[in-house]
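The values are calculated or read from the model by the stated rules, or taken from the named source; none is laboratory data. Because the structure is a prediction, the values reported are computed rather than measured. Cβ sites come from the backbone with ideal geometry, for glycine too, and all protein chains shown count toward neighbours.
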Amino acid sequence: MQFIISLNKILTKGLLLSLLILVCAAAAACPVAIRIQHSDGKPASGIDVFVDGILKGSTNSAGVLNADLANGEHKLVLRRHTAVVKQTSVHVNCATQGGLYIELTDAEAGSVSLKDVTVKALSAKETIDLSPFSVQAIDLKNSYDKGGDVSEFLNRASGVRLRSDGSVGAQVQVNLGGLQGKAVRLFRDGIPVELFGHAFSLGTIPVNMLDRIEVYKGVMPLYLAADALGGGVNLVSRKDTRNLAEVSYETGSFNTHRATFNGLWKNKARTWYVGTSSSFNFADNNYKVNVPALAGSFKDVRRFHDATRSYYIEGYAGIQNKSWADDLRLTLIGADFFKEIQHDAKMDKVYGQAFSREHNYTALLNYKKAFFNSKLKVNAVGTYSFFDTRFVDTATVRYNWDGDIIGRNLRPGEVNLGNNQQIDYNFVSARLNLSYDLTARHAVDFSSMYYQQNRKGSDPLGAITALEAIDVLSVPATYRKDNTALGLRSSWLGKEMESIVALKYYHYKSIGYTTDNFGMGYRSAGSEDQLGYLGGLRWSRGSYLLKASYEYATRLPDEYEVFGDARLVKENMNLRPEKSHNINLNGEYRLGSADRLLTLSAGLFYRKVKDGIFLQLDIPFNRFINYESTRVKGFEVEGSYVAGRHVDFGANLTYQDIRQVNIPEAIFRILEGSRVPNVPYFFGNFWLNTHFNDVLRKGDRIEFNWNGNYTHRFFLQAIPKDQEPGLFEKVTSVQTSLIIPHDGRFGQLNNNAGIYYHFAGSGLSLSGECRNIGNARLYDNFNVQRPGRAFYLKLLYNFYKP
């Protein structure tokens, strides 16, 4: 019931706003009826009409399109499907204008190939790159034959570094602009990615399930309606326009197996469709690691309890191109995720039986419609998810790194004090986006997002209250948040300049159970409100692009930080939102044409974070509190060159100075100004791609790829600023065990290579990859070791030939 009430509030706000926009915009409208006919007088229906490069809509069955045009000269381009049929210039006088009449000659009614004209619509990636935000769009459409998961591609973006232990299915954190973890939000098609479960995560999503990755650095767009402190990543699903039946299978080192199936079928009239996007992952993750042995020595052993298995099955059906809906889609998802747990965060403790498992089911309903000749655009989505999770840690034996039992008949629990935890989660989410074009140069955007989580479970070995003997997990806990944003987008100087200003409102409320260290328990609740605002400016002319953006950003505490885990982390209903001042300056320069193109880009960023949420260690329980304040200053640079039609290469570099500031406790003030530990601060990437056509037979294609990344040494624990070694100085003032890597190297270099062959006259491709070619010893989160040299083979087949 509460969800229905909140959803009504969202819809009411949206409808009131749209009505207000309509009233305000009425005076600015200059309606023009564009009538298009063939030379024989018959109406030309289904013609797409572009005015000054902007799609205004398509002609109806009578050959008419009603559009609002400003006074003056306009360039019209008429297209049918992918062909331009006519280009012309028109003059509009709003004082006397009645309509425009355009006749298509017999030759024009045929078609004109796109290669014969210079009109080119912007791709989704180009549109995003030209927004006022500091954003990078990674196009994946030409990489479906590549192996691995999307984290391989995201990790190559400038300003981005991913953190994990490197195994398939492991949790992946995104470091973006100096902030990481929960400060960076993840989405899939604008929906929080956690609603899809662990089977759909950065460590499990195959490349050929996505169209692109959008990386927002510091300032978030309104349509995501997100509470993100340091930016966000939006994973955009494939939007295939033709019928599709595509399968892939990948196998490789450490008994890794991945499979995908993507299918889409549309009827000839393009009014309805059905499809699927599904995947399966399995890996033993039994790669070698170097661990302590007797007498202070080290030895190489294989991981023996780190297997991952997941499946993700998504089916959808939709209706489109109707008078009442441009697209109405129902999506149903079933997924399962199983993960063995090998060790703790620092690889100090070895586990041999602990595991976690998750079943989840999700339903999504999405509605899109453009009204009033595409002046008002509506996008609404509702989501429901059910999760059944297990965490089992009941072993009474202990293991060493060889997989041998070294202790028996001990207390239950390898990880903690023993758990046999079962928790059910119910998630409900709704998002509404409205966009209204006030004029050809100004538009108003509105977005609102509602999110609710209900949690209830049990753990006979978990935390209970001393007086009431209540299993803390058995008490229902509810977490709710809603975010609302309203903004104005404007174009200036023709379309050379674009600006955006916006206000945001954040609210969250939690209801649950609170216990103290003495076992006293009671029902409690907490809530917080916060305002935010942002502004962005983009200028582009010819080969030059400049951007500036600012946001007073907010991240609301999430359910885990509020409720804890009923094991070692206690609840805190009084957490305040994290807040940050985010500033970005970006520039880009392009020289040359498509076949010989040099692109140079650079960015500066600044973050000032307050009320950072920090896990406070305590006895016998830990708790999240508002504690940390940090300041981040950094830059990123990137250069790429297309050297003809067959070769391109490039590199990027990022430096981020992340410092702890305003430390309140006197005992810790020696660390004032020190680097935030366990966060890389200097890293970069390089790549080289080449391809050749008609190698073995006409119509085939072979590609070669070489890429790598470098991560400079960083600190495992905080070190006083005056004891920090210089960037390339030898470490003398601190223990090498406090630095990653701790073997004297300045940093870690990982490089990979691949060869990809596309068979002629078919949709078949075969690829082979070698990762970590040099078999370098690589470390990540808290010194966790990543895999050595590995080999992978992938086969992809599309039943509908391209």
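Could you tell me which of the residues Ser167, Ser201 is surrounded by 22 or more Cβ atoms within 10 Å (Cβ to Cβ), of a type in the set (S, T, N, Q), part of a loop (DSSP other than H, G, I, E, B) and modelled with pLDDT under 90?
Working: Ser201 fails: modelled with pLDDT under 90.
Result of the check over Ser167, Ser201: Ser167.
Scan region 365-385 for residues that are part of a strand (DSSP E or B) and either among the hydrophobic types (A, V, I, L, M, F, W, C) or over 14 Å from Asn433 (Cα atoms) (or both) and jot them down.
Leu365, Ala370, Phe371, Leu376, Val378, Ala380, Val381, Thr383, Tyr384, Ser385
Mind checking which pairs have a first residue in region 778-800 that is under 12 Å from Glu250 (Cβ atoms) and among the charged types (D, E, K, R) and a second that is part of a loop (DSSP other than H, G, I, E, B) and modelled with pLDDT of 90 or more, Cβ under 8 Å, 6 or more apart or different chains?
Correct list of pairs: Lys794/Asp145; Lys794/Lys146; Lys794/Gly147.
Looking at Ser499, Ser435, Ser447, Ser474, can you tell me which residue is surrounded by fewer than 20 Cβ atoms within 10 Å (Cβ to Cβ) and modelled with pLDDT of 90 or more?
The unique qualifying residue is Ser499.
Out of all the residues in region 170-195, which are part of a helix (DSSP H, G or I) and surrounded by 24 or more Cβ atoms within 10 Å (Cβ to Cβ)?
Result: Ala183, single match.
Of everything in region 121-151 that's of a type in the set (S, T, N, Q), closer than 25 Å to Thr690 by Cα and free of Cβ contacts under 8 Å to residues at least 24 places away in the same chain, which residue is surrounded by the most Cβ atoms within 10 Å (Cβ to Cβ)?
Kept after step one, since they are of a type in the set (S, T, N, Q), are these residues of region 121-151: 123, 127, 131, 134, 136, 142-143, 151.
Now drop any that are not closer than 25 Å to Thr690 by Cα, which leaves 123, 136, 142-143, 151.
Remaining after also requiring free of Cβ contacts under 8 Å to residues at least 24 places away in the same chain: 123, 142.
Numbers: Ser123: 13, Asn142: 9.
The selected residue is Ser123.
Based on this model, can you work out whether Ser458 counts as within 22 Å of Gly532 (Cβ to Cβ), of a type in the set (Gly, Ala, Ser) and in contact with a strand residue (DSSP E or B) (Cβ under 6 Å, 6 or more places away or on another chain)?
No, not satisfied.
Does Asp211 satisfy being under 23 Å from the mean Cα position of the chain (by Cα) and free of Cβ contacts under 8 Å to residues at least 60 places away in the same chain? Quick ask: steps written out before the conclusion?
Working: under 23 Å from the mean Cα position of the chain (by Cα): yes; free of Cβ contacts under 8 Å to residues at least 60 places away in the same chain: no.
No: the conditions fail for Asp211.
Checking Thr736 against (1) in contact with a strand residue (DSSP E or B) (Cβ under 8 Å, 6 or more places away or on another chain); (2) modelled with pLDDT under 95; (3) surrounded by fewer than 16 Cβ atoms within 10 Å (Cβ to Cβ), which test does it fail?
(1)
Would you mind stating whether Thr362 is assigned by TED's automatic domain parsing to the domain that holds Lys456, part of a strand (DSSP E or B) and surrounded by 20 or more Cβ atoms within 10 Å (Cβ to Cβ)?
Spelling it out, Thr362 is indeed assigned by TED's automatic domain parsing to the domain that holds Lys456, part of a strand (DSSP E or B) and surrounded by 20 or more Cβ atoms within 10 Å (Cβ to Cβ).
Might you check whether a residue that is in a strand (DSSP E or B), in contact (Cβ under 8 Å) with a residue 24 or more places away in the chain, of a type in the set (Asp, Glu) and not assigned by TED's automatic domain parsing to the domain that holds Leu69 occurs anywhere in region 432-439?
Among the residues of region 432-439, at least one is in a strand (DSSP E or B), in contact (Cβ under 8 Å) with a residue 24 or more places away in the chain, of a type in the set (Asp, Glu) and not assigned by TED's automatic domain parsing to the domain that holds Leu69, which makes the answer yes.
Can you work out which of the residues in region 411-431 that are among the polar types (S, T, N, Q) and in a strand (DSSP E or B) is farthest from Glu340 (Cα to Cα)?
Result: Ser429.
Against the condition over 15 Å from Arg713 (Cβ atoms), in contact with a helix residue (DSSP H, G or I) (Cβ under 9 Å, 6 or more places away or on another chain) and crowded, with 17+ Cβ neighbours inside 10 Å, how does Asn752 come out, does it pass?
When the stated conditions are applied, Asn752 passes them.
Just one of the numbered conditions (1) of a type in the set (Phe, Trp, Tyr); (2) touching a Gly at 6+ places or on another chain (Cβ under 7 Å); (3) over 21 Å from Asp300 (Cβ atoms) is not true of Phe714; which one?
With respect to (1) of a type in the set (Phe, Trp, Tyr); (2) touching a Gly at 6+ places or on another chain (Cβ under 7 Å); (3) over 21 Å from Asp300 (Cβ atoms), Phe714 is out only on (2).
Can you find a residue in region 606-617 that is part of a loop (DSSP other than H, G, I, E, B), under 25 Å from Lys346 (Cα atoms) and without any contact (Cβ under 8 Å) to a residue 60 or more places away in the chain? Break it down stepwise before answering.
From region 606-617, those part of a loop (DSSP other than H, G, I, E, B) are 617; that's our starting set.
Restricting the remaining residues to those that are under 25 Å from Lys346 (Cα atoms) gives 617.
Those left that are additionally without any contact (Cβ under 8 Å) to a residue 60 or more places away in the chain: 617.
Yes, there is a match, as at least one residue in region 606-617 is part of a loop (DSSP other than H, G, I, E, B), under 25 Å from Lys346 (Cα atoms) and without any contact (Cβ under 8 Å) to a residue 60 or more places away in the chain.
List pairs: first in region 746-766 and touching a residue at least 24 places away in the same chain (Cβ under 8 Å) and in the same structural domain as Phe728 (by TED's automatic domain parsing), second among the β-branched types (Val, Ile, Thr) and buried (at least 19 other Cβ atoms within 10 Å of the Cβ), Cβ under 9 Å, 6+ apart or cross-chain?
Correct list of pairs: Gly747/Thr711; Gln748/Thr711; Gln748/Ile740; Leu749/Thr711; Asn750/Thr711.
Look through Tyr316, Tyr312 and report the one residue that is surrounded by fewer than 19 Cβ atoms within 10 Å (Cβ to Cβ), of a type outside the set (A, V, I, L, M) and closer than 26 Å to Val247 by Cα.
Tyr316
How many residues does region 142-164 hold that are modelled with pLDDT under 90 and in a loop (DSSP other than H, G, I, E, B)?
Number satisfying all stated conditions: 3.
Run down Phe649, Phe668 and say which single residue is without any contact (Cβ under 8 Å) to a residue 24 or more places away in the chain, assigned by TED's automatic domain parsing to the domain that holds His691 and farther than 16 Å from Leu585 by Cα. Please lay out each step first, then the result.
Numbers: Phe649 fails: without any contact (Cβ under 8 Å) to a residue 24 or more places away in the chain.
Among Phe649, Phe668, only Phe668 is without any contact (Cβ under 8 Å) to a residue 24 or more places away in the chain, assigned by TED's automatic domain parsing to the domain that holds His691 and farther than 16 Å from Leu585 by Cα.
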